[in-house]
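Below is one structure, written out as structure tokens, with a few remarks after it.
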Amino acid sequence: MTRFWLIAVLMLAASPIAARESLGVYESWAAFKDAKPQRCYAIAKAQGSAPQPAYATVSHWPDKQVRGALHIVLSRDVDDKGKVRLAVGGARFDLVAKGRNAWAADARADAAIIAALRSASGMSVSAKSAKGGGFTDRYTLAGAATAIDAATVGCAKPR
């Protein structure tokens with residue numbers, strides 16, 4: 001139950017107050033649905049303690065026709081000229097970043113990352129801090145596939 005409250009607090013801090021519906025907590029991941037604008041997402045907090053909370057989301061925005069978009073909030077601001085590298089199991093991906101935010105380069109990269117998330121046990125995001133030195137945010141992927149599925153179903157159009 002503690003993990004659920006931590007994730008809920010992170011989500012409240014991460015976006016404007018909206019009607020938020022829990023779609024479930026699945027080990028280290030949870031899924032939520034916002035009513036307006038309609039958005040469903042799976043979310044996890046990075047492991048350990050960091051200067052600022054770090055978390056990863058996989059979101060669906062039906063009104064914007066976005067499905068399975070990865071967004072990572074890093075524990076530190078990244079160097080403007082530095083690379084942000086996502087490692088999921090044995091797969092490696094370069095992310096686009098600004099400040100503390102990082103995303104997949106395009107929908108094809110999002111799909112490849114989500115496929116990797118489904119079969120790996122952990123992921124890490126590494127970058128050079130804007131203040132110098134490297135850092136890595138680490139995540140466990142236990143429950144990630146189920147939370148992603150719950151978010152997908154949560155925003156599926158009724159037939």
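The values are calculated or read from the model by the stated rules, or taken from the named source; none is laboratory data. Note that the structure is predicted; figures quoted are calculated from it, not measured. All Cβ positions, even for glycine, are placed from backbone atoms using ideal geometry, and neighbour counts span all protein chains on display.
Numbers below:
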quantity: Test: residue in the stretch 5-12 that is assigned to a loop (DSSP other than H, G, I, E, B) and either modelled with pLDDT of 95 or more or at negative phi (or both); calculated: no
quantity: Selection count, the stretch 91-138, where residues are in a loop (DSSP other than H, G, I, E, B) and more than 18 Å from I148 (Cα to Cα); calculated: 8
quantity: Condition check for V58: farther than 22 Å from A109 by Cα, among the β-branched types (V, I, T) and at pLDDT 85 or above; calculated: no
quantity: Per-region count, the stretch 126-149, residues over 18 Å from the mean Cα position of the chain (by Cα) and charged (D, E, K, R); calculated: 2
quantity: K98 vs. criteria free of Cβ contacts under 8 Å to residues at least 40 places away in the same chain, more than 27 Å from G133 (Cβ to Cβ) and loosely packed, with under 13 Cβ neighbours inside 10 Å; calculated: no
quantity: Residue that is under 17 Å from A151 (Cα atoms), modelled with pLDDT under 95 and more than 11 Å from the chain's Cα centre (by Cα), where the choices are V66, V25; calculated: V66
quantity: Close pairs (8 angstrom Cβ cut-off, 6 or more residues apart or separate chains): more than 17 Å from Q65 (Cα to Cα) and crowded, with 17+ Cβ neighbours inside 10 Å in the stretch 104-123, at pLDDT 95 or above and hydroxyl-bearing (S, T, Y) anywhere; calculated: M123/Y139
quantity: Residues that are surrounded by 16 or more Cβ atoms within 10 Å (Cβ to Cβ), in a loop (DSSP other than H, G, I, E, B), touching an Asp or Glu at 6+ places or on another chain (Cβ under 9 Å) and not hydrophobic (A, V, I, L, M, F, W, C), drawn from the stretch 38-90; calculated: S75, R76
